[in-house]
Amino acid sequence: DAKTTQPPSMDCAEGRAANLPCNHSTISGNEYVYWYRQIHSQGPQYIIHGLKNNETNEMASLIITEDRKSSTLILPHATLRDTAVYYCIVRGRNFGNEKLTFGTGTRLTIIP
Amino acid sequence: DGGITQSPKYLFRKEGQNVTLSCEQNLNHDAMYWYRQDPGQGLRLIYYSQIVNDFQKGDIAEGYSVSREKKESFPLTVTSAQKNPTAFYLCASSPLAGGPGEQFFGPGTRLTVL
């Protein structure tokens with residue numbers, strides 16, 4: 001699986017959009033970008049994933065660049081409950097490749 | 001109410017004792033996973049199982065053992081051979097082995113070895 005690079009920490013004002021970047025310059029054609037988040041002392045929570053098109057769900061939007069070497073997770077109206085560590089993960093979807101490789105992620109703090 | 005349960009939430013054991021962590025899911029998921037998390041670090045895969053009666057080692061399987069006798073259960077035993085067992089242990093499941101890849105996590109068990 002391709003390696004990802006994320007900033008270690010970010011702050012965002014409550015009510016504003018939080019934009020979390022991720023670099024994955026070695027991503028291969030069949031690898032997806034996944035985002036999870038982990039609130040302190042809880043299990044990680046799946047947020048969204050995508051291959052090459054932009055994706056949106058009730059939690060967030062995922063913007064993937066045309067060359068697929070980077071992506072941005074957008075939380076459109078951040079609340080205090082969005083304070084968490086956010087993990088960007090790249091993974092293929094072939095049978096037998098089950099591992100999600102979690103790095104150290106980005107610690108997002110929402111400021112009141 | 002569907003989900004993944006792990007018990008207990010906090011567990012204390014003396015050094016040299018084996019301990020088994022429970023993980024149960026009622027989501028009818030095929031695949032189940034065990035991860036370990038140390039303070040300030042990401043998750044590392046210990047073992048995973050794609051189907052009943054089969055499991056595979058992850059990145060840090062030494063000192064751990066698992067079983068998958070039932071689809072809904074995937075207990076993890078931390079043996080005395082694990083040199084640094086104090087950590088936060090997370091169990092996860094996903095609908096189909098090799099499928100979409102979304103993993104659903106339990107609340108975790110924090111193991112402290114004294």
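What is the residue count in the stretch B:12-21 for residues that are within 14 Å of the chain's Cα centre (by Cα) and either modelled with pLDDT under 90 or surrounded by 16 or more Cβ atoms within 10 Å (Cβ to Cβ) (or both)?
Step one: list which residues in the stretch B:12-21 are within 14 Å of the chain's Cα centre (by Cα), which gives B:19-21.
So of that shortlist, the ones also either modelled with pLDDT under 90 or surrounded by 16 or more Cβ atoms within 10 Å (Cβ to Cβ) (or both) come out as B:19, B:21.
Of the residues in that region, 2 qualify.
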Condition set away from every other protein chain (no Cβ under 13 Å) and hydrophobic (A, V, I, L, M, F, W, C), scope the stretch A:42-78, selection surrounded by the most Cβ atoms within 10 Å (Cβ to Cβ): answer is A:L73
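Answer yes if at least one residue in the stretch B:89-97 is assigned to a strand (DSSP E or B), of a type in the set (S, T, Y) and more than 12 Å from every other protein chain (Cβ to nearest Cβ), and no otherwise.
Scanning the stretch B:89-97 turns up no residue that is assigned to a strand (DSSP E or B), of a type in the set (S, T, Y) and more than 12 Å from every other protein chain (Cβ to nearest Cβ).
Going through the stretch A:40-59 one residue at a time, which ones are touching a Lys or Arg at 6+ places or on another chain (Cβ under 8 Å) and under 19 Å from B:L45 (Cα atoms)?
So the first thing to find is which residues in the stretch A:40-59 are touching a Lys or Arg at 6+ places or on another chain (Cβ under 8 Å), and the list is A:41, A:44-45, A:47, A:52.
Listed by number, the residues that qualify are A:S41, A:P44, A:Q45.
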Here the residues within the stretch B:22-44 that are surrounded by 15 or more Cβ atoms within 10 Å (Cβ to Cβ), at the interface with another protein chain (Cβ under 8 Å from one of its Cβ atoms) and not in a strand (DSSP E or B) are B:G42
Residue set A:T104, A:T109; condition within 26 Å of B:Y35 (Cβ to Cβ), within 9 Å of chain B (Cβ to nearest Cβ) and surrounded by fewer than 17 Cβ atoms within 10 Å (Cβ to Cβ); output residue A:T104
Counting only residues that are farther than 24 Å from B:G40 by Cα, touching a strand residue (DSSP E or B) at 6+ places or on another chain (Cβ under 6 Å) and among the aliphatic types (A, V, I, L, M), the stretch B:51-92 contains a total of 1
So, B:N53, is that one away from every other protein chain (no Cβ under 12 Å) and free of Cβ contacts under 8 Å to residues at least 24 places away in the same chain or not? yes
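Please verify whether B:E69 is of a type in the set (D, E), more than 11 Å from chain A (Cβ to nearest Cβ) and under 11 Å from the mean Cα position of the chain (by Cα), treating the condition exactly as stated. Spell out the reasoning first.
Numbers: of a type in the set (D, E): yes; more than 11 Å from chain A (Cβ to nearest Cβ): yes; under 11 Å from the mean Cα position of the chain (by Cα): no.
Taking the combined requirement at face value, the residue does not satisfy it.
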Considering residues that are more than 11 Å from the chain's Cα centre (by Cα) and free of Cβ contacts under 8 Å to residues at least 60 places away in the same chain, the number found within the stretch A:6-38 is 3
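The values are calculated or read from the model by the stated rules, or taken from the named source; none is laboratory data. The shown structure was predicted, so the numbers you read here are calculated from the model rather than taken from an experiment. Heads up, the Cβs are rebuilt from the backbone with ideal geometry, glycines too, and the neighbour counts pull from every protein chain shown.
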